[in-house]
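Following: one structure in structure tokens, then a few remarks.
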Amino acid sequence: MNPPADFDPEKDAGSRIPGFYKLSIPQRRAAIAARTDHDVARIAAALASGGLDPETADKVVENVLGLYALPFGVALNVRVNHVDRLVPMVVEEPSVIAAASNAAKMVRSAGGFHAEMVESLMTTQVQLASVPDPARAVRELEAHVEELLRLAAAAVPGLLERSGGPREIDVRDLGQGFLVVHVHVDCCDAMGANLVNSVAEAIGPRAAELSGGRLGLRILTNLCDRRRVRVTCRAHAADLAIGRGELRVEGSDVLDRVVEASRFAELDPYRAATHNKGILNGVDAVVMATGNDWRAVEAGAHAFAARSGRYAPLGVWRRDGADLVGELEMPLALGTVGGTLRVHPAARLALELMGVQSAAELCHVAAAAGLASNLAALRALATEGIQRGHMSLHARSVAAAAGAVGAEVEAVAAGLADAQTVTLEAAREYLGRLRAR
Ligand code: MEV
């Protein structure tokens, strides 16, 4: 799909805010408020003390002592299905947000990301044990699918009102007297864990009766492979060039090296694990920012990556003429209603800033952030190496840890990066010299 004829990828508009990283936090909040028609005071209030107060936290989990905050940033330049998105990310690792923004800019020049849900059904499992005649039990369960679907639907009346609900049932014979019944449920804009667990519990006793076996576990599967997101993108070779002077690598060479890096991950599970970690850097940060369950996402992603029996990369890269093209497909169960969103103002703010209207759109954006992170990592790894960019950003947190404040942080970080010694001791020394000037 080509971008609209009047689309200008360089224009300071939508998700593109040149020089954003140089602003102070209040200036950044003001810029985002202006861009999203938000009240800057509301942004500040939603993010105060990590977006949650201890009293609320005490109602969310048990034995609460306090709060534990993480940085909440925003990735820029992201355009998905021709719509610009500011992408809130919560992550503790330096360079993830900058790298995703940087790669998204390259993709933006070529029209942005294209994303879709391949399917949107959440799957729950009912385990049946000690089934005396599994073949007969499978036939019996399959003959009663309509009845089981009715029982399942009755367990989630609110979901039916929103036009969701149980859609399909299938039965698997695991051997050794174990059967498992899968119920596939359209959870609309909810992540759906509670909904599908209710469904499993509702049909469990009747399924056990039909099978002649004993009722076992009733719980969702995080390998939600009927709820997958697929995102594709391209980047022009010219936009991929990296480095200066003697260290410069031309775009076309970078392109080939990224494809080679992709092949490496396709051939080697050891590399694929790290490749996928780079993808999840982007996905998880969006999942966290929007109050979703990142453990569920991780479990599903890795199980899906290993579905062929050999652990494989979730995203791959190829050459298409003078362009690099990338494709990522993974299970992704995210919600834009319910769960943490009920209690967490910062998670609600994240969704508003992103401007997504549905869980599907949220999945599109999270997956785009994943593919952007993957591109940024491979481009750096295949050329100058990851440490250069990483270290200059890491230097900022070391500078702050050494006591640098305000403009001192950038000055000390630049000094550390130039000297290629990013240690607390060096930062303290540099700060001392800076202040003595
Ligand atoms: C670091 O958080 C992520 C990378 O290791 C990903 C990769 O190797 O592709 C840089």
Exercise for the section: Give the residue that is surrounded by the fewest Cβ atoms within 10 Å (Cβ to Cβ), with candidates limited to residues of the range 104-130 that are closer than 30 Å to residue 219 by Cβ and small (Gly, Ala, Ser). Expected result: 130
Problem - 3 or more residues at positive phi: qualifying helices (runs of 4 or more DSSP H) within the range 104-208 - result: none
Completion exercise
Considering residues that are out of contact with any Gly (no Cβ under 6 Å at 6 or more places or on another chain) and either free of Cβ contacts under 8 Å to residues at least 12 places away in the same chain or among the small types (Gly, Ala, Ser) (or both), the number found within the range 138-188 is 19
Practice task
For the range 379-386, state whether one or more residues are in the same structural domain as residue 276 (by TED's automatic domain parsing), at pLDDT 95 or above and either more than 15 Å from the ligand (Cβ to nearest atom) or within 19 Å of residue 79 (Cα to Cα) (or both).
Solution key: no
Practice task
Would you point out which residue out of 235, 273, 301, 306 is within 24 Å of residue 199 (Cβ to Cβ) and among the hydrophobic types (A, V, I, L, M, F, W, C)?
Solution key: 301
Practice task
Given the conditions (1) open to solvent by 50 Å² or more (accessible area, probe 1.4 Å); (2) more than 16 Å from the ligand (Cβ to nearest atom), report the number of the one that residue 277 does not fulfil.
Solution key: (2)
Problem - Residues within the range 235-266 that are closer than 18 Å to residue 319 by Cα and in a helix (DSSP H, G or I), tallied - result: 20
Practice task
Give the residues of the range 92-103 that are surrounded by fewer than 19 Cβ atoms within 10 Å (Cβ to Cβ) and part of a helix (DSSP H, G or I), sorted by residue number.
Solution key: 98
Exercise for the section: Go through the residues of the range 315-325 one by one and say whether even a single one is surrounded by 17 or more Cβ atoms within 10 Å (Cβ to Cβ), farther than 15 Å from residue 189 by Cβ, in contact with a Leu (Cβ under 7 Å, 6 or more places away or on another chain) and of a type in the set (Lys, Arg). Expected result: no
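So is residue 49 open to solvent by less than 40 Å² (accessible area, probe 1.4 Å) and of a type in the set (Gly, Ala, Ser) or not?
Working: open to solvent by less than 40 Å² (accessible area, probe 1.4 Å): no; of a type in the set (Gly, Ala, Ser): yes.
Against the criterion (open to solvent by less than 40 Å² (accessible area, probe 1.4 Å) and of a type in the set (Gly, Ala, Ser)), residue 49 does not qualify.
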Exercise for the section: Output the residues belonging to the range 1-52 that are farther than 13 Å from residue 74 by Cα, in a loop (DSSP other than H, G, I, E, B) and of a type in the set (Ser, Thr, Tyr). Expected result: 24
Practice task
Just give me the residues in the range 390-409 being surrounded by fewer than 20 Cβ atoms within 10 Å (Cβ to Cβ) and either among the aromatic types (Phe, Trp, Tyr) or not in a helix (DSSP H, G or I) (or both), in sequence order.
Solution key: 403, 405, 406
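Answer yes or no as to whether residue 286 is buried (at least 16 other Cβ atoms within 10 Å of the Cβ), more than 11 Å from the ligand (Cβ to nearest atom) and β-branched (Val, Ile, Thr). It would help to see each step written out before you state the result.
Numbers: buried (at least 16 other Cβ atoms within 10 Å of the Cβ): yes; more than 11 Å from the ligand (Cβ to nearest atom): yes; β-branched (Val, Ile, Thr): yes.
Taking the combined requirement at face value, the residue satisfies it.
Pull up the range 289-314, narrow it to residues that are outside any helix (DSSP H, G or I) and charged (D, E, K, R), then point me to the one that is nearest to the ligand (Cβ to nearest atom). It would help to see each step written out before you state the result.
If we filter the range 289-314 for residues that are outside any helix (DSSP H, G or I), which is where we start, we get 290-293, 306-314.
So of that shortlist, the ones also charged (D, E, K, R) come out as 293, 307, 310.
On the way: 293: 21, 307: 21, 310: 19 Å.
Restricting to residues being outside any helix (DSSP H, G or I) and charged (D, E, K, R), the top hit is 310.
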Problem - So residue 356, is it of a type outside the set (Phe, Trp, Tyr), more than 16 Å from the ligand (Cβ to nearest atom) and surrounded by fewer than 21 Cβ atoms within 10 Å (Cβ to Cβ) - result: no
Handout entry: Conditions (1) within 16 Å of the ligand (Cβ to nearest atom); (2) open to solvent by 50 Å² or more (accessible area, probe 1.4 Å); (3) not in a loop (DSSP other than H, G, I, E, B): number failed by residue 375
Key = (2)
Problem - Flag for residue 244 being under 24 Å from residue 95 (Cβ atoms), surrounded by fewer than 19 Cβ atoms within 10 Å (Cβ to Cβ) and more than 16 Å from the ligand (Cβ to nearest atom) - result: yes
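The values are calculated or read from the model by the stated rules, or taken from the named source; none is laboratory data. Since the model is a prediction, treat every value here as computed from it, not as a measurement. Methodologically, a virtual Cβ is constructed for each residue, glycine included, from the backbone with ideal geometry; neighbour enumeration extends over all protein chains shown. Note: accessible area is taken over every heavy atom of the protein model, side chains too, but ligands, DNA and RNA are not part of it. Shrake-Rupley method; radii C 1.70, N 1.55, O 1.52, S 1.80 Å.
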